[in-house]
Amino acid sequence: MAECEIRRWGQSHSLLTSTIDVLLEGGYDSIPALQAMVKEDVDALDIKSGQHQLLQHALNKLTKDEGPYSGTISPTWNEKTKIFHAHNLELTAVPEELLTIYPACTQSTITDKQIVHFAKYYWNLLPDSIGDLQQLSTFDVHNNRLKSLPDSIGNLFQLSYLDVHNNILESLPDSIGNLPQLTYSLPDNIGDVHQLSTLNASTNSFQSLPDSIGNVHQLTTLNISTNRLESLPDSICNIQRLTNLDVGHNSLKSLPDKIGNLHHLKRLVLPNNKFKSFPSGVSNLQQLVQLSVFNNAILELPDSLGNLKELKLLEVGNCKLKSLPETIGELHNLTTLDVQSNELEQLPDSIGKLLQLRSLRADRNQLSSLPASISNLINLEQLYLENNKLISMPNVRNLKQLRFFKFNGNHLQSLPNGISQLRQLTSLQFDDIGDIGAVNISHSENEVAKLFNKLFGYHYDQ
């Protein structure tokens, strides 16, 4: 049935337009469906947009003795509802009515992640009665403005998933330690939550991690980025199953001395902290696949960096590096190397041993030349050399896979030898060179081909 007919039917029964919208989005897209609503085993109601008044009116129409549905919505329907989604609602607090009509919920996802206009539109309060939803298994309150959670959350004994990231929490209630099934939490007695495997408490205001974190032996992923941490407890080194650790965007100056004991760690993310030296012990993490220390005040990298044989991604940009160790050439699995925005005057000759390298960012340094060995990087797809002091480049004809090549902001007098052979190029950027003029081509293989045909004629087709 056409939506307009449903709207006319709703208006004839004194339903407001906002309520009709809610019902339509809830899946009641025909008049028979609306009339038979009470006979269905409704498992989910998804209210996707609106303000507090809209939600309140919809709840009244669906649950109270008002309007055409007077006396028709039975408690049985409420008890069968297992999932409730409320997205993009301009609420400052969860209405009590929501909790009273869903006493038997087994999953509740209450998110507000797309309201960005005014802080007052974000939820900053959860009622104590949230603890009455004792069958709740999943609770998502990320991207709000919550400063605290009620103690009653400790009554949700079936809760297995709690996501609180991107709030302004300074702590979580100790009562969370009563929840043996929980997979996301951060109370002082977090060590009692033995089945915890993933903890995401990023983008809050935590100033410390409890020592008991070291007792959570099942933890594999810990994301405590974008908080106010100045240190990590030594006990974190006891979490032998940890594979992912993200503590970026804090105020860390060092890592625990025994961080190298985390032998299964594959991903270590440390950007935007206050490190002044490369964290000791990291070179012992021989299973590392990703290491990011971007935007720290690190002056040099140790020779022991070459121990990280499994490393695929290394981000050390925006530090204060003046050189790279020759041992970087021992990272034979490296596919991405980001050393942009440092003070590098040269790259080590051993860089030519990185035969798996796909992306090299060395822009915004002090490079005056490049090692000839760079022509060995036959799998390189991206090469960024902007804003250096280059006056020449080695022959690049072997870089057949190169697609992005940017070297503007240098002092080149001619194009690199062999550039005409780079037939995969889609993005090319350089300043005035001789009579050629500046070029800035992005994501256009045809434009690059036209330029090369103009510059090199038949040479480009050979």
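A few points about this structure:
- Residue-level accessible surface for LYS266, protein heavy atoms, 1.4 Å, Å²: 100 Å²
- Alpha-carbon centroids, the range 323-367 and the range 287-305: separation in whole Å: 12 Å
- Carbon-plus-sulfur accessible fraction, the range 250-327 (probe radius 1.4 Å, protein heavy atoms only): 45%.
- Pairs from the list LYS400/LYS450; LYS309/LYS389; LYS147/LYS276; LYS147/LYS258; LYS253/LYS320; LYS312/LYS389 with a Cα-Cα gap above 22 Å: LYS309/LYS389; LYS147/LYS276; LYS147/LYS258; LYS312/LYS389.
- Exposure of HIS249 as accessible area (Å², to 10), given a probe of 1.4 Å and all protein chains: 90 Å²
- The range 356-445 - Rg over Rh from alpha carbon coordinates, Kirkwood radius: 0.92
- Hull shadow area, averaged, the range 216-293 [alpha-carbon convex hull, nm²]: 4.3 nm²
- Interatomic Cα distance distribution for the range 293-444, bins of 10 angstrom, percent: 12, 43, 35, 10, 1
- Length released on extending from HIS332 to GLN286, taking residue separation times 0.36 nm less the Cα-Cα span: 15.2 nm
- Residue-by-residue Karplus 3J(HN,Hα) for the range 282-293, coefficients 6.51, -1.76, 1.60, Hz, glycine and proline x: 5, 5, 8, 7, 6, 9, 4, 10, 10, 9, 10, 10
- For GLY409, distant residues with modelled amide H under 5 Å away: ASN387, ASP431
- Max-minus-min Cα coordinates of the range 200-247 on each principal axis give 26, 17, 11 Å, with the largest extent listed first.
- Note that the range 255-262 has calculated 3J(HN,Hα) couplings of 10, x, 4, 9, 4, x, 6, 7 Hz, one per residue in order, obtained from phi through the Karplus relation 6.51 cos²θ - 1.76 cosθ + 1.60 (θ = phi - 60°); glycine and proline are x.
- FRET efficiency for the LYS389 to SER444 pair, using the beta carbon distance and R₀ = 25 Å, is estimated at 0.30.
- P(r), alpha carbons of the range 265-356 - 5 Å bins starting at zero, rounded %: 3, 15, 27, 30, 20, 5, 0
- Once the Cβ-Cβ distance of SER277 and GLU345 is raised to the sixth power relative to R0 = 22 Å, the FRET efficiency obtained is 0.60.
- Between HIS264 and GLU230, residue separation times 0.36 nm minus the direct Cα-Cα distance comes to 9.8 nm.
The values are calculated or read from the model by the stated rules, or taken from the named source; none is laboratory data. Keep in mind the model is a prediction, meaning the values are calculated, not measured. Here Cβ is always computed from backbone atoms with ideal geometry, including for glycine, and neighbour counts include all displayed protein chains. Ligands, DNA and RNA are stripped out before the accessible areas are found, and what is left, the full protein with its side chains, is counted by its heavy atoms. Shrake-Rupley method; radii C 1.70, N 1.55, O 1.52, S 1.80 Å.
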